[in-house]
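Okay, so here's the structure we're looking at.
Please treat every number below as a calculation from the coordinates, not as lab data. What you see is a predicted model; the values in this text were computed from it and never measured. Don't worry about glycine lacking a Cβ; one is built from the backbone with ideal geometry, like all the others, and counts go over all protein chains shown.
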Amino acid sequence: MNHYDTIIIGGGIAGLSTAWHLQQALPHASYALLETGTRWGGKVKTDVVDVPEVGRFVVEGGPDSFITQKPWAMRLAETLGLSDRFLGTNQAQKQIYVIQQGKPIPMPDGVMLIVPTQFAPFALSPLISPWGKLRMGMDLFIRPRRDGEDETLADFITRRLGREALDKIAEPLMAGIYNAEAEKQSILATFPRFRTLEENHGSLIRGMLASRRARPASAPQDGARPRSIFLSLNDGMNELTDTLADDLTGDLRLNTQVTKLAPRPGGYGITTDTGEMMTARSVVLAIPAYAAASLLADVAPEAAAQLNAIRYVSTGTISLAYRQADIRRPLDGYGVVIPRSEGRAINAVTVSSVKFAQRAPDGAVLLRCFFGGSRRPDMMEVDDEELVRTVRSELGELLGIDATPLFQRIYRWFNANPQYDVGHLARVAAVETALPPGLYVTGSPYRGVGLPDCVHQAEQTVAALTDGLTATRQWEQEKTAFS
Ligand SMILES: Cc1cc2nc3c(=O)[nH]c(=O)nc-3n(C[C@H](O)[C@H](O)[C@H](O)COP(=O)(O)OP(=O)(O)OC[C@H]3O[C@@H](n4cnc5c(N)ncnc54)[C@H](O)[C@@H]3O)c2cc1C
């Protein structure tokens, strides 16, 4: 039976970066990284599709980029030597559209996340009614909430900016891009910055304006290119997870599902689906919360109950490639988001070939449509043929695209999107308190779903774990010395 200092379960970005940070912190510690799938990366999944006589497409099934304002994924990529592979977003065509009565309307310039920060484009925009604009402006005068209590994103936006801002800007962005439901989503777990801005500046608009003024000038002093807020890698997001996996020196195993976890003297024992047993002083579970709950049911029932309360939804993406010449109307922005009130079968469309260079060859277009989620769970169940038919009909009606795609790729992510409902942070704290020494949970179900958050949590988990391992080692050395 193999024994390690640490066993890490799950080979997504969280498990891979836990292994990597552990390797940096304790180069002599032994570890195993166990992944049930046939490849590393989990939800990070890039496919390269070569179309004869057209060229090469880079298709993302999961994340297409990471945000650099949260620096942890970027720093990890830099340390892995990937800086010269960074691919920023297209700064020349940044427009996002919102579907209104079936037509794409430009999101006004200067709307940062959900907050207007430029007067003229906002005032002139047809997206929001005159009353809706007035109501958003009232944010400047509404008394700030400073009690530190959680609330839903919907309550927060309605309170500060009004119902129209929620329906036309915040909800479509949340549902389309973050797969989240504003009516249930915790503001403190997902956008704590908004509450901080409210607390510190008395108003979201004033806060956003102040943080924009405080940002360094967009052209860096050393003459380097301004850094994009979102970064990908030239050959897609799998470049990050593949490089990470290549850098790991532990016992790495694919096609290995952990089916059982039990306490053992001095640590824990795990059993895999092939019946193999392994032991370790500590175990990190970098897997979905419900999967962690099932492994922890006997070892830590209280933690397992809290983990089971973290809700998941299923979503999918379908990427479709076209010849540019077959598309009548030019697509000049990153894509469209679709309010729930429009009652469409898809939630959002990204124009991947505009958002990033190198995603489609010259003369071709790559689109990515988001479907499923809590709005349309039925879309997860339709077969491929019907899905393609429905999505093509939506693209025809909304964007005037009736051409036959060169190819399409479908990715269904069942029970893959953890939902940070109100009270989420308290639930996560309860899980952490209820876990016995030597057991850790990390990754997207807990303190941030984005890739940078997962890398950051991995770093923090390793810090806690190394403290634990060092303390056990000292105790064992002292015990040996005195015995
Ligand atoms: C469509 C989509 C688009 C997204 N877009 C972005 C984006 O643009 N930017 C961004 O930052 N984030 C984005 N995200 C979120 C981000 O991709 C995920 O939150 C993140 O990749 C999750 O990483 P993870 O390691 O926590 O989990 P996962 O990637 O789910 O990894 C967990 C791994 O554990 C394995 N596993 C489960 N059970 C066991 C077991 N018993 N034994 C062994 N292995 C097991 C699974 O096979 C899986 O590989 C997106 C997510 C989706 C679905």
For Lys45, counting only lysines whose alpha-carbon sits under 19 Å away and dropping same-chain residues fewer than eight positions off, the answer is Lys355
On a straight-distance basis, which lysines could pair with Lys103 in a cross-link, Cα separation under 18 angstrom, same-chain partners fewer than 8 positions away excluded? Lys168
For the chain, calculated [θ]222 nm from helices alone, where every DSSP H run of n ≥ 4 adds -39500 (n - 2.57): -10000 deg cm²/dmol
DSSP beta bridges in the range 238-348: the antiparallel percent, rounded to 5, is 100 percent
Using DSSP to call loops (not H, G, I, E or B), can you name the chymotrypsin sites (Phe, Trp or Tyr not before Pro) in the range 135-182 whose Cβ has at most 13 other Cβ atoms within 10 angstrom? Phe141
For the range 1-94 the GluC sites (Glu not before Pro) that pass both the DSSP coil test and the at-most-16 other-Cβ-within-10 Å test are Glu53
Exposure-ranked with fewest Cβ neighbours within 10 Å first, Ile67, Ile338 stand as Ile67, Ile338
Using Cα centres only, tell me the gap between the range 234-265 and the range 56-81 in whole Å. 18 Å
In whole angstrom, how far apart do the alpha carbon centroids of the range 166-197 and the range 282-316 sit? 24 Å
In the range 320-417, what trypsin sites (Lys or Arg not before Pro) fall in a loop by DSSP, with at most 10 other Cβ atoms inside 10 Å? Arg328
Alpha carbon centre of the range 321-354 versus the range 121-160: separation in Å? 28 Å
Surrounding charge for Tyr440, neighbours by C-beta under 15 angstrom, Lys/Arg +1, Asp/Glu -1, total -2
